[in-house]
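The values are calculated or read from the model by the stated rules, or taken from the named source; none is laboratory data. This is a predicted model, so every value here is computed, not measured. Note: ideal-geometry Cβ built from the backbone for every residue, glycine included; neighbour counts use all protein chains shown. Remember, those area values only see protein heavy atoms, side chains included, never the ligands or the DNA or RNA. Shrake-Rupley method; radii C 1.70, N 1.55, O 1.52, S 1.80 Å.
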Amino acid sequence: MSCYGICANKTIWDRNDLKTKLSDVAILKNGFKESHAWSHWKEILYLRNTDERKKIFDKIQCKELVIELSNKLFELAISCQIPLSNINKIVKA
């Protein structure tokens with residue numbers, strides 16, 4: 001699987017602060033999941049699927065995939081720029 005999103009390990013970043021600050025970001029309300037390492041992640045390609053992997057090696061599909069991912073990353077970056085400008089790390093004693 002390949003994914004994109006916001007990597008924010010639970011042991012380093014204050015997830016409550018992060019979720020609060022990102023609660024109004026519309027793009028994050030559609031299909032993003034959470035894991036220990038990622039506060040928000042979404043699948044790009046399911047690489048265990050042969051048809052999905054073929055996209056990487058087909059020039060036209062690969063180019064379309066690169067454009068699609070570039071647009072998604074740009075939209076994510078612009079949408080989260082201000083909310084993420086001052087998130088808090090977990091303070092360890």
Worksheet entry | Failed criterion for residue 19 (all others in (1) open to solvent by less than 70 Å² (accessible area, probe 1.4 Å); (2) touching a residue at least 12 places away in the same chain (Cβ under 8 Å) hold) | (1)
Practice prompt. Show the residue pairs that are 6+ apart or on different chains and have beta-carbon atoms under 6 Å apart, the first residue being within the stretch 23-41 and closer than 11 Å to residue 79 by Cβ, the second being charged (D, E, K, R) and surrounded by fewer than 15 Cβ atoms within 10 Å (Cβ to Cβ).
Written response: 27/75
Practice prompt. Scan 50, 11 and give me the residue that is free of Cβ contacts under 8 Å to residues at least 12 places away in the same chain and either touching a His at 6+ places or on another chain (Cβ under 8 Å) or of a type in the set (Ser, Thr, Tyr) (or both).
Written response: 50
Worksheet item: Among 78, 90, 67, which is the only one that is loosely packed, with under 13 Cβ neighbours inside 10 Å, within 26 Å of residue 11 (Cβ to Cβ) and not polar (S, T, N, Q)?
Response: 90
Worksheet, complete the sentence: Checked the stretch 24-48 for anything polar (S, T, N, Q) and open to solvent by 60 Å² or more (accessible area, probe 1.4 Å); matches are 30
Discussion item. If I filter the stretch 1-10 down to residues being in a loop (DSSP other than H, G, I, E, B) and open to solvent by 60 Å² or more (accessible area, probe 1.4 Å), which single residue comes out as modelled with the lowest pLDDT?
Written reply: 1
